Amino acid sequence: MKYSVCLIVLIALIPAQLLAQDRIVTVYTYERMPFFGQLNTDAEGFINQITRLVFENAKIPYVFEKVPVTRIFANLTQPGLSCIAGTFRNPEREQTYTFSSDFIYQDSPPRYLIRTTDQAHYAAIKDIKALLTSGKTLGVADKYSYGTWVDENILRYKPATAVVNIRDDQSAFMQMLVLKRFDYIFASGEEAAYNLRNNPDFRDTISVKTLADAPAGNIRWIMCNKDFPPDLLARLNKSIPEIKKTRAYRDITTRLPK
């Protein structure tokens, strides 16, 4: 009896982070620069960099696992310890997954990309309604969300679309635009600027356009499987606002092309 009491006392004195050492969280990621990819390099995706800061500050062991984006959401419906950082939040996903209470990053406002030779056709387009009712064909990546504002307007105005599977290669999507598979695509400012900077051929062939009614950019959260342990989620929720106040976070986010 005395031994049992001592054992219980000893367990109670063990720090929570030590008890969690065998609970390693799998953080799924994929290749979509500048947000995700190029793990463990100086050019690592900035959402991956922020994720490292959040998990390490929360003292939660983790490992990145790169998989095709189309598999991530199915994987997160399985039991276990798994998350994806930097995803969008919507009512459908809230029914299936667990989200952090704070976001980790907010994108710049959404843009759309066109062929530079088509500039004259878009000169009068100022808002998303005019764009989506222009008769032009929108390129859409299969199983990809562009955020609530864009997604809802696509459903509302039902533009002509060409749905393509780009896997994880955004530059291939832009090449399809140049080759006239469709007439325009949506992208965040960060993604557009990165791809134009890193693909010289696109600088003269693709133009980035803004919309007067575009809202503030998409908000990105940490999303985990539904049965993610509440104690680990609480530590993530505490860590996120702490990290967003740090110089390391500011250094990552202020050097982004937009």
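The values are calculated or read from the model by the stated rules, or taken from the named source; none is laboratory data. Note that the structure is a prediction, hence the values are computed from the model and not measured. Counting neighbours? That spans all protein chains shown, and the Cβs are built from the backbone with ideal geometry, glycine included.
Annotation note: Cβ proximity below 6 Å between a residue of region 98-111 that is touching a residue at least 24 places away in the same chain (Cβ under 8 Å) and closer than 14 Å to Thr210 by Cβ and a residue that is among the charged types (D, E, K, R) and part of a loop (DSSP other than H, G, I, E, B) (sequence gap 6+ or interchain) occurs for Ser108/Lys258. Pairing residues of region 146-157 that are assigned by TED's automatic domain parsing to the domain that holds Ile128 and among the acidic types (Asp, Glu) with residues that are exposed (fewer than 15 other Cβ atoms within 10 Å of the Cβ) and not in a helix (DSSP H, G or I), at Cβ distances under 9 Å and at least 6 apart in sequence or on separate chains, gives Asp151/Asn90. Are any residues in region 73-89 in contact (Cβ under 8 Å) with a residue 40 or more places away in the chain and surrounded by fewer than 15 Cβ atoms within 10 Å (Cβ to Cβ), and if so, which ones? Hits for region 73-89 are Thr77, Gln78, Pro79, Gly80.
Among the listed residues Gln175, Gln170, which satisfies the condition of being within 16 Å of the chain's Cα centre (by Cα) and either modelled with pLDDT of 95 or more or of a type outside the set (Ser, Thr, Tyr) (or both)?
Numbers: Gln175 fails: within 16 Å of the chain's Cα centre (by Cα).
From the options Gln175, Gln170, the qualifying one is Gln170.
Of all the helices (runs of 4 or more DSSP H) wholly in region 86-185, which have at least 2 residues that are aliphatic (A, V, I, L, M) and more than 24 Å from Phe64 (Cβ to Cβ)? Step through it out loud before you land on a result.
Details: elements: 91-96, 128-132, 148-157, 170-178.
In region 86-185, the matching helices (runs of 4 or more DSSP H) lie at 128-132, 148-157, 170-178.
Scanning region 191-219 for residues that are surrounded by fewer than 21 Cβ atoms within 10 Å (Cβ to Cβ), within 29 Å of Cys83 (Cα to Cα) and in contact with a Ser or Thr (Cβ under 7 Å, 6 or more places away or on another chain) yields a single hit, Gly217. Test Pro200 against the criterion of being without any contact (Cβ under 8 Å) to a residue 24 or more places away in the chain and either within 26 Å of Tyr28 (Cα to Cα) or among the polar types (S, T, N, Q) (or both), and give yes or no. No; evaluated as a whole, the condition is false for this residue.
When region 45-72 is limited to residues that are farther than 23 Å from Tyr194 by Cα and basic (Lys, Arg), the one that is surrounded by the fewest Cβ atoms within 10 Å (Cβ to Cβ) turns out to be Arg71.
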